[in-house]
Amino acid sequence: MTDASAQQNDDLAPEAAADSGAALSPQPLAERVENRSQKPTSDTFRAFMASQWAPASQELPGLDASALFAARRRAAVSAMFPGERIVVPAGRPKVRSNDTDYRFRAHSAFAHLTGLGVDHEPDAVLVLEPTDAGAGDAGTDHAATLYFRPLAGRDTEQFYSDPRAGEFWIGPRPTLAELAARTGLRTAGLEELENAVTKDVAATAVRLLREADQDMDAVVAAARADAGVDAQAAGAADAALAEALSELRLVKDEWEVERMRASVASTIAGFEDVVRALPRAVGHARGERVVEGAFFARAREEGNDLGYDTIAACGNNATVLHWIRNTGQVREGELILVDAGVEDDSLYTADITRTLPVSGTYSDVQRRVYQAVLDAADAAFALVKPGTRFREIHAEAMRVLAGRLHGWGLLPVSPEEALSEAGQHHRRWMPHGTSHHLGLDVHDCAQARRELYLDAVLEPGMVFTIEPGLYFKAEDLAIPEEYRGIGVRIEDDILVTEDGAENLSAALPRTPEDVEAWMARLQG
Ligand code: GLY
Ligand code: MN
Ligand code: MN
């Protein structure tokens, strides 16, 4: 990676560092990053650097396919909070180490309300400014503006000297006009942001999506304090906004469903890559990493990234629910649980799990456990239709699993007693939930109220996982030896339709016979 400067920082040579802190240097630490700079500063250089560039294209892009859907979502927010200023930050780049950031990924609420996906837009903030009734965007009560850092001209210092935003360093970024054309939003530069957010705070209630951007949290808190706004009431108002934005994502629109189909298709291709990589994984000192890497390559080639860290868990590691160390070996005769999802460039993710026999065929006991989990998944799926309660899906999967565990002689009590609230013995082997909403976040809609999530009635357009499992740890003395060290999860992504449900990930083989035939074909 190109260093912003290769110059040694002599200020912190060991002899100097041995001095007391005060004697070390009067230069503030924050400024010392400049000590590494070898950037030319002469006027001649600046003038030469600013000259002789071909003019930028004046052609503007068309409207993104997401823009009309995003406008509808903003209209829904506007209707919920008339007369109030709504502030939704994209978030700031996150430091990975020193001056190296993680790849930027916007807050999901910002992506939802702008329709912007990959790379957009560090430090940006969406502001919905209240208007007179009906005088806002498309007859709503708000006018929305996207504040962001537009591309700086080639005659600016930022062009060549800013490693976080300069075109010479990170490539071109949109201008105000380009992003306005793509999103249908008004756009403005970040220099106008603080005033736009804090003006008339005493008269205009501000609701902020907190914890997306610490600077924005501080700016709004200070403006409220100056204006004498009650901090507790403001906190409650902000929390209600977070809840509303999360709940707004419970039902997906057509564009979201289309993008999730794309994420699922890439994820299925990634699982095919995993199967092809299994022979190389076997015998590798960290075979699970071979599996993880095979899937990751597909995620980057077809999508933006992984939607979450891949779980590649062989043998007993599969009994660790979120095994993401992936440091284990991949051994013939064992099962490997792979839980992985590609995040599309739109930032929507899939979340799929398959548990595969490393050598291509399930043993009898592996097949028995696998079939029980599959039956639980199928029974749960059969219930999915508008009107079913979300929590019934889990209850149905538990009913099937408790029955199987009883049939194998593993339950110390009857299935009825285990399934009662006071029992729950079967949960020793399946301690997680069966379903969660899926979308921009892998665990989407996490701030929604219980009555709109667990206790909710299903509606067309909801997308969630069904992911039962059984996890028999190697050291579990409550079960016969033959079960120990087997972990199975099967996870699919389910869309509620007008009259039932669609398994979006059904094209990835699920039955033991189909999995075996598919693996044989891919490895053939
Ligand atoms: N991969 C995390 C989950 O399945 O919820
Ligand atoms: Mn999941
Ligand atoms: Mn998963």
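The values are calculated or read from the model by the stated rules, or taken from the named source; none is laboratory data. Since this is a predicted model, take the numbers as computed values, not measurements. Note that we place each Cβ from the backbone using ideal geometry, even for glycine, and neighbour counts take in every protein chain shown. Ligands, DNA and RNA are stripped out before the accessible areas are found, and what is left, the full protein with its side chains, is counted by its heavy atoms. Shrake-Rupley method; radii C 1.70, N 1.55, O 1.52, S 1.80 Å.
Measuring with a 1.4 angstrom probe and ignoring ligands and nucleic acids, D344 comes out at about 10 Å² accessible.
Net charge dipole, the range 134-282: roughly 580 debye, given to the nearest 20, about the Cα centre with Cβ charges of +1 for Lys and Arg and -1 for Asp and Glu.
Each residue of the range 60-69 was assigned a 3J(HN,Hα) from its phi angle through the Karplus curve 6.51 cos²θ - 1.76 cosθ + 1.60 (θ = phi - 60°); the sequence is 9, x, x, 5, 5, 4, 7, 5, 5, 5 Hz, with glycine and proline shown as x. Here the range 455-508 exposes an accessible surface that is 50 percent carbon and sulfur, computed with a 1.4 Å probe and the other protein chains kept in place. Looking at the chain, the accessible area is 46 square angstrom per residue; that uses a 1.4 Å probe and ignores ligands, DNA and RNA.
The listed residues W53, W518, once ranked by accessible area (1.4 Å probe) with the largest placed first, stand as W53, W518. Phi-derived couplings, Karplus 6.51 cos²θ - 1.76 cosθ + 1.60 at θ = phi - 60°, listed residue by residue for the range 101-111: 9, 5, 4, 6, 9, 5, 4, 5, 5, 5, 4 Hz, with x used for Gly and Pro. Distance from the C-alpha centroid of the range 168-230 to that of the range 85-161: 8 Å, rounded to the whole angstrom. A cut-off under 14 angstrom between Cβ atoms defines the neighbours of R450, and their net charge, with Lys, Arg +1 and Asp, Glu -1, is -1.
With the simple spin-label model, which puts each label point 7 Å out from Cα in the Cβ direction, the Q58 to A474 separation comes to 7.0 nm.
Here the accessible area is traced with a 1.4 Å probe on the protein chains. For the range 148-293, carbon and sulfur cover 49 percent of it.
Split the chain at each of the GluC sites (Glu not before Pro) in a DSSP loop with at most 12 other beta carbon atoms within 10 Å, and the longest piece is 60-331. Does anyone have the angle between helix 214-227 and the longest principal axis of the chain? Alpha-carbon axes, 0 to 90°, nearest 10? The angle comes out near 60 degrees. Placing dummy labels 7 Å off each Cα toward the beta-carbon, the span from Q38 to D200 is 5.4 nm. Over the chain, DSSP H runs of length four or greater, each weighted -39,500 (n - 2.57), average out per residue to a 222 nm ellipticity of -11000 deg cm²/dmol. Taken over the range 185-320, the ratio of Cα radius of gyration to 2.2 N^0.38 Å equals 1.62. Taking all C-alpha pairs of the chain, those more than 45 Å from each other amount to 27 percent. A probe of 1.4 angstrom, applied to the heavy atoms of all protein chains, finds W408 with accessible area near 50 square angstrom.
For the range 28-99, the ratio of Cα radius of gyration to the globular rule of thumb 2.2 N^0.38 Å stands at 1.98.
Given R0 = 41 Å, the distance between the Cβ atoms of Q523 and E481 translates into a calculated FRET efficiency of 0.85. Farthest towards the positive end of the charge dipole of the range 337-419, among the residues I393, A418, L374, is the Cα of A418, using unit charges on the Cβ of Lys, Arg, Asp and Glu. Measuring r between the beta carbons of R72 and A177 and using R0 = 22 Å, the FRET efficiency lands at 0.40. Inverting the pair-averaged 1/r between distinct Cα atoms of the range 104-215 gives 15.3 Å as its Kirkwood hydrodynamic radius. Modelled label positions at T327 and Y102, each set 7 Å beyond Cα in the direction of Cβ, lie 2.1 nm from each other. Extension gain, D375-E258: 0.36 nm per intervening residue step, less the Cα-Cα distance, totals 39.3 nm. From the Kirkwood radius over Cα pairs of the range 136-188, Stokes-Einstein at 10 °C and 1.306 mPa s returns a whole-number translational diffusion coefficient of 129 µm²/s.
Distances between placed amide hydrogens fall under 5 Å for L458 paired with G387, T388, R389, F390, all partners being 5 or more residues away or on another chain.
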